[in-house]
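Down below is the structure, laid out as structure tokens.
The values are calculated or read from the model by the stated rules, or taken from the named source; none is laboratory data. Remember, it's a predicted structure, so these values are computed and weren't measured experimentally. Cβ placement follows ideal geometry from the backbone for every residue including glycine, while neighbour counts extend to all protein chains displayed.
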Amino acid sequence: MSRKEKHIDLTESDQNTLLRESKYHLKPEYRERCRAILLNHAGVSIQQVATHLQVSHITVGNWLRAWETNRFSSLARKVGQGRKPILTVTNALHTDVLDKAVEAHRQDVKAIQAELIQSLEVPMSTDTVKRFLKKIIIHGDASGGVRTQRKTE
């Protein structure tokens, strides 16, 4: 015996907002959750929504229950969710070790990576090092760059 299929009732204002957010919101997970609610409102079953969005039907059910209680605030990622960064600009130790590694191994990402791994004792990929270098703006030429400004997160 299957459960009765549940569908969300939305006001026209909510529908318009969800439609706009499903197209233009900055975060892809927020857009996906908006689409799930709109599809369910249109009469699509939870299982079909899950298949369409390539997520579990349990996940879709959780999104719908959260929508019923918290509306739009339930669509955003909660504070503390997601993978924590390996290197941060606000950590003085990370930036100091990077400064020394860049001075010693200019233009050699693999050598910078090796020094960061050795100094911080944290495994990381060269892509992580490249992203961290991009966050810290280095002005100047390849032979003698001078740090003048740092991006904030």
How do the pairs read when you match residues in region 83-112 that are at positive phi with residues anywhere that are surrounded by fewer than 14 Cβ atoms within 10 Å (Cβ to Cβ), using Cβ under 9 Å and keeping only pairs 6 or more apart or on different chains?
Gln107/Ala142
Members of region 3-17 that are surrounded by 12 or more Cβ atoms within 10 Å (Cβ to Cβ), assigned to a helix (DSSP H, G or I) and not polar (S, T, N, Q)
Asp14
Failed condition for Glu68, given (1) of a type in the set (D, E, K, R); (2) under 23 Å from Glu29 (Cβ atoms); (3) at pLDDT 85 or above; (4) not assigned by TED's automatic domain parsing to the domain that holds Glu32
(4)
Among the numbered criteria (1) modelled with pLDDT of 90 or more; (2) closer than 14 Å to Asp14 by Cβ, which single criterion is violated by Val97?
(2)
